[in-house]
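S.K.: The structure follows.
The values are calculated or read from the model by the stated rules, or taken from the named source; none is laboratory data. This is a predicted model, so every value here is computed, not measured. Every residue, glycine among them, receives a Cβ derived from its backbone with ideal geometry; neighbour counts consider all protein chains shown. Note: accessible area is taken over every heavy atom of the protein model, side chains too, but ligands, DNA and RNA are not part of it. Shrake-Rupley method; radii C 1.70, N 1.55, O 1.52, S 1.80 Å.
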Amino acid sequence: MTTQRTSGRRKQAMAAAAVVTALLATAACGGGNDSDGDGGGAAGYDAANNKVAQADQVKKGGELKFAATQDADSWDTTRGYYGMMWNFARYYSRQLVTNKAEPGSKGAELTPDLATGLAKISDDGKTYTYTLRDGITWEDGKPITSKDVKYGIERVWAQDVLSGGPVYLKDVLDPKGEYPGPYKDPSPDKLGLKAIETPDDKTIVFKLPEANSDFEEMLALISASPVRQDKDTKSKYALHPFSSGPYKFQSYNPGKDLVLVRNTNWKQSSDPIRKAYPDKISIKFFTNANDMDARLIAGDYDLDLNQTGMSSQGRTTALKEHKANLDNPVSGYIRYAVFPQTVKPFDNIHCRKAVIYGADHVSLQNARGGPIAGGDIGTNMLPPSVPGSEGQKYDPYQLATANKNGNVAKAKEELKACGKPGGFKTRIAVRNNKPVEVATAESMQASLKKVGIQAEIDQYDGSQTTGIIGSPSNVQKKGYGIIIMGWGPDFPTVQGYGLPLWDSSYILQSGNNNFAMIKDKTIDGLFDQYVKTLDDAGKAKIATEINHKVMEGGYYLPFVFEKFINWRSDRLANVYTTDAYSGMYDFVNLGLKSGK
């Protein structure tokens with residue numbers, strides 16, 4: 001399972017890189033009008049949050065203009081792991097199944113894409129069979145075959161050449177790591193992975209060694225996109241992926257700009273998901289977030305590709321002067337502190353609880369940006385978008401109610417119970433390139449001082465996260481008793497969110513994400529039970545139980561169920577947020593009102 005931990009690690013990198021945009025202070029000057037002459041104006045505050053805004057005004061044509069301060073980690077369908085990349089990649093890649101192009105929780109549901117229907121699943125949950133649609137083609141007009149889908153998935157095994165993306169499919173289809181990947185495959189056709197069969201060009205069959213109830217969710221990830229063997233440029237594929245969707249790459253200058261134009265060989269009749277409204281889709285990458293926010297407000301661009309919220313000054317300007325252009329979605333991320341049990345005295349549950357009770361949760365929320373830009377006070381570790389979540393209703397430490405400003409008496413009780421009645425010293429590890437995280441650490445430091453816990457803040461190089469806090473031996477050596485971090489789901493289930501964080505088999509000596517070093521047989525057993533449970537109600541119940549066990553262990557102090565303030569231009573139509581991409585706008589069917 002080692003490789004899947006890479007998956008978790010990259011997810012964290014996604015969080016890290018994406019948040020950069022939200023944290024750079026912008027001095028976004030005013031500028032834009034409430035209407036750009038299309039007669040529609042802005043849709044209204046929160047008009048596209050979990051609902052569709054301006055659907056009736058969408059026109060075919062025009063250029064949809066994205067702005068961003070962060071390029072994708074990779075535009076290669078196998079390697080990309082940033083949420084915005086997965087969202088954007090549906091313009092040029094298709095999968096057997098994908099998320100519904102619908103707002104809110106509906107968007108997290110699966111629907112057929114290249115396949116004619118959802119999987120036919122055997123009674124034992126180990127065999128998944130799909131039939132491909134008629135009329136599905138590559139950008140040169142050649143048909144997409146079952147072998148192209150198989151080859152695209154096989155690329156996940158080529159971790160020595162194509163590292164970086166999620167590897168759930170590899171772990172589930174080949175848990176022993178026996179297949180060498182297509183570049184080392186001795187088969188003449190390079191299609192030697194036994195777990196996937198292609199009896200003909202229209203049929204693809206997956207044979208799992210063990211059942212996994214989230215397998216179809218994994219097939220909806222961008223990493224399950226088809227790749228045609230004769231167009232595979234290996235490590236250079238990110239520069240020009242070969243399109244199976246309605247748009248194709250016209251030009252890409254990394255860190256500068258990307259332009260997609262219509263793929264004239266794509267047929268609307270073959271694609272039930274994509275409406276392909278714009279003629280052209282562009283991304284302009286900015287080095288300066290001040291400039292980007294100002295240009296968004298001025299109406300020069302339509303939305304932020306990174307979807308991590310406007311930064312403080314731009315947000316202030318927008319809320320004051322352009323509120324109708326803003327939405328305030330829940331991001332799907334939880335921001336939190338985690339307590340490694342290998343660092344004393346956090347091997348004692350009462351010392352961990354002393355920190356949980358001693359912290360001022362309103363102060364922490366304010367450090368994150370307050371209720372609107374930061375989010376609701378976090379009370380547990382399961383994001384609202386994951387089935388089994390109880391949201392703020394599950395608040396075992398009363399963090400959002402009785403103890404929201406901290407409970408000094410309760411914290412001192414716990415200190416006494418852990419044998420540290422006078423308090424103790426520890427270190428808080430926080431990324432130096434995340435001002436909001438540093439502010440959060442300072443809030444913790446101040447409130448813990450009141451209960452006798454002296455916390456020194458160590459700002460480490462945020463670009464080296466994996467080797468610093470991802471190394472349990474380094475965490476122990478540095479005495480990091482508190483680590484500040486955040487996490488969001490790869491796909492909206494407890495497996496797609498919590499497995500790398502809480503399962504003991506995911507503790508790694510490098511690239512570790514189980515920072516708390518949780519080795520709980522009950523939690524491990526619940527995950528084992530979860531992957532074999534095929535009914536949704538049963539899965540949600542187990543997810544709830546896992547979350548309860550994690551919270552009962554006192555391994556985490558959640559700060560917020562994160563929220564953002566996101567910008568949409570007056571020109572945008574058919575715009576809505578979706579749980580499929582952690583509260584981002586769903587890019588796939590965005591259009592313009594004027595078609596110009």
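S.K.: Considering each of PHE215, PHE286, PHE242 in turn, give the residue that is in contact with a Leu (Cβ under 7 Å, 6 or more places away or on another chain) and not acidic (Asp, Glu). Give the steps one after another, and end with the answer.
M.R.: Working: PHE286 fails: in contact with a Leu (Cβ under 7 Å, 6 or more places away or on another chain); PHE242 fails: in contact with a Leu (Cβ under 7 Å, 6 or more places away or on another chain).
One residue alone meets the criteria, PHE215.
S.K.: Name every residue in region 319-350 that is open to solvent by 20 Å² or more (accessible area, probe 1.4 Å) and part of a helix (DSSP H, G or I), in order of residue number.
M.R.: Correct list: LEU319, LYS320, GLU321, LYS323, ALA324, ILE349, HIS350.
S.K.: Continuing with this model, one more query. In this structure, does VAL161 turn out to be hydrophobic (A, V, I, L, M, F, W, C) and within 15 Å of MET218 (Cα to Cα)? Explain how you work it out, then say what you get.
M.R.: Details: hydrophobic (A, V, I, L, M, F, W, C): yes; within 15 Å of MET218 (Cα to Cα): no.
Taking the combined requirement at face value, the residue does not satisfy it.
S.K.: Additional query: In region 520-538, which residues are under 23 Å from GLY486 (Cβ atoms) and either part of a loop (DSSP other than H, G, I, E, B) or open to solvent by 10 Å² or more (accessible area, probe 1.4 Å) (or both)?
M.R.: Result: ASP520, single match.
S.K.: Report yes if ASP200 is of a type in the set (D, E, K, R) and surrounded by fewer than 14 Cβ atoms within 10 Å (Cβ to Cβ), otherwise no.
M.R.: Working: of a type in the set (D, E, K, R): yes; surrounded by fewer than 14 Cβ atoms within 10 Å (Cβ to Cβ): yes.
Against the criterion (of a type in the set (D, E, K, R) and surrounded by fewer than 14 Cβ atoms within 10 Å (Cβ to Cβ)), ASP200 qualifies.
S.K.: Checking the conditions here, which among ARG262, ARG274 is touching a Lys or Arg at 6+ places or on another chain (Cβ under 8 Å), free of Cβ contacts under 8 Å to residues at least 60 places away in the same chain and surrounded by fewer than 21 Cβ atoms within 10 Å (Cβ to Cβ)? Step through it out loud before you land on a result.
M.R.: On the way: ARG274 fails: free of Cβ contacts under 8 Å to residues at least 60 places away in the same chain.
Within the list ARG262, ARG274, the selection yields ARG262.
S.K.: Another question about this same structure. Of all the residues that make up region 544-594, how many are closer than 19 Å to ASP56 by Cα, part of a loop (DSSP other than H, G, I, E, B) and open to solvent by less than 20 Å² (accessible area, probe 1.4 Å)?
M.R.: Residues in region 544-594 being closer than 19 Å to ASP56 by Cα, part of a loop (DSSP other than H, G, I, E, B) and open to solvent by less than 20 Å² (accessible area, probe 1.4 Å): 9 in total.
S.K.: May I ask you to verify whether ASP189 is surrounded by fewer than 20 Cβ atoms within 10 Å (Cβ to Cβ), in contact with a helix residue (DSSP H, G or I) (Cβ under 8 Å, 6 or more places away or on another chain) and either modelled with pLDDT of 95 or more or closer than 29 Å to THR233 by Cβ (or both)?
M.R.: On the way: surrounded by fewer than 20 Cβ atoms within 10 Å (Cβ to Cβ): yes; in contact with a helix residue (DSSP H, G or I) (Cβ under 8 Å, 6 or more places away or on another chain): yes; either modelled with pLDDT of 95 or more or closer than 29 Å to THR233 by Cβ (or both): yes.
Considered against the rule, which asks whether it is surrounded by fewer than 20 Cβ atoms within 10 Å (Cβ to Cβ), in contact with a helix residue (DSSP H, G or I) (Cβ under 8 Å, 6 or more places away or on another chain) and either modelled with pLDDT of 95 or more or closer than 29 Å to THR233 by Cβ (or both), ASP189 comes out as yes.
S.K.: If you check LEU114 against the conditions, is it open to solvent by 50 Å² or more (accessible area, probe 1.4 Å), in contact (Cβ under 8 Å) with a residue 12 or more places away in the chain, under 26 Å from ALA211 (Cα atoms) and not β-branched (Val, Ile, Thr)? Spell out the reasoning first.
M.R.: Details: open to solvent by 50 Å² or more (accessible area, probe 1.4 Å): no; in contact (Cβ under 8 Å) with a residue 12 or more places away in the chain: yes; under 26 Å from ALA211 (Cα atoms): yes; not β-branched (Val, Ile, Thr): yes.
Judged against the criteria, LEU114 is not a match.
S.K.: Of the conditions (1) more than 19 Å from PHE515 (Cα to Cα); (2) among the β-branched types (Val, Ile, Thr); (3) at pLDDT 95 or above, ILE428 fails just one. Which one is it?
M.R.: (1)
S.K.: Six or more apart or on different chains, Cβ under 8 Å: which pairs go from a residue in region 293-317 that's without any contact (Cβ under 8 Å) to a residue 40 or more places away in the chain to one that's part of a loop (DSSP other than H, G, I, E, B) and open to solvent by 10 Å² or more (accessible area, probe 1.4 Å)? Could you list them?
M.R.: none
S.K.: Among the residues in region 270-289, are any assigned to a helix (DSSP H, G or I) and farther than 23 Å from ASP56 by Cα? Reasoning before the result, please.
M.R.: Just the residues of region 270-289 that are assigned to a helix (DSSP H, G or I), to begin with: 270, 289.
Now narrow it down to the ones that are farther than 23 Å from ASP56 by Cα: 270, 289.
Yes: region 270-289 contains one or more residues that are assigned to a helix (DSSP H, G or I) and farther than 23 Å from ASP56 by Cα.
S.K.: On the basis of being part of a loop (DSSP other than H, G, I, E, B) and surrounded by fewer than 24 Cβ atoms within 10 Å (Cβ to Cβ), does LYS541 make the cut? Outline the logic, then answer.
M.R.: On the way: part of a loop (DSSP other than H, G, I, E, B): no; surrounded by fewer than 24 Cβ atoms within 10 Å (Cβ to Cβ): yes.
So LYS541 fails the test.
S.K.: Among the residues of region 360-403, write down those that are more than 27 Å from VAL438 (Cβ to Cβ) and open to solvent by less than 20 Å² (accessible area, probe 1.4 Å).
M.R.: Answer for region 360-403, where residues must be more than 27 Å from VAL438 (Cβ to Cβ) and open to solvent by less than 20 Å² (accessible area, probe 1.4 Å): VAL386, GLY388, GLY391.
S.K.: Strands (runs of 3 or more DSSP E) wholly in region 409-513 with at least 1 residues that are closer than 30 Å to ALA108 by Cα and either among the aliphatic types (A, V, I, L, M) or touching a residue at least 24 places away in the same chain (Cβ under 8 Å) (or both) - which ones? Outline the logic, then answer.
M.R.: Values: elements: 425-431, 454-460, 480-487.
The qualifying strands (runs of 3 or more DSSP E) are 480-487.
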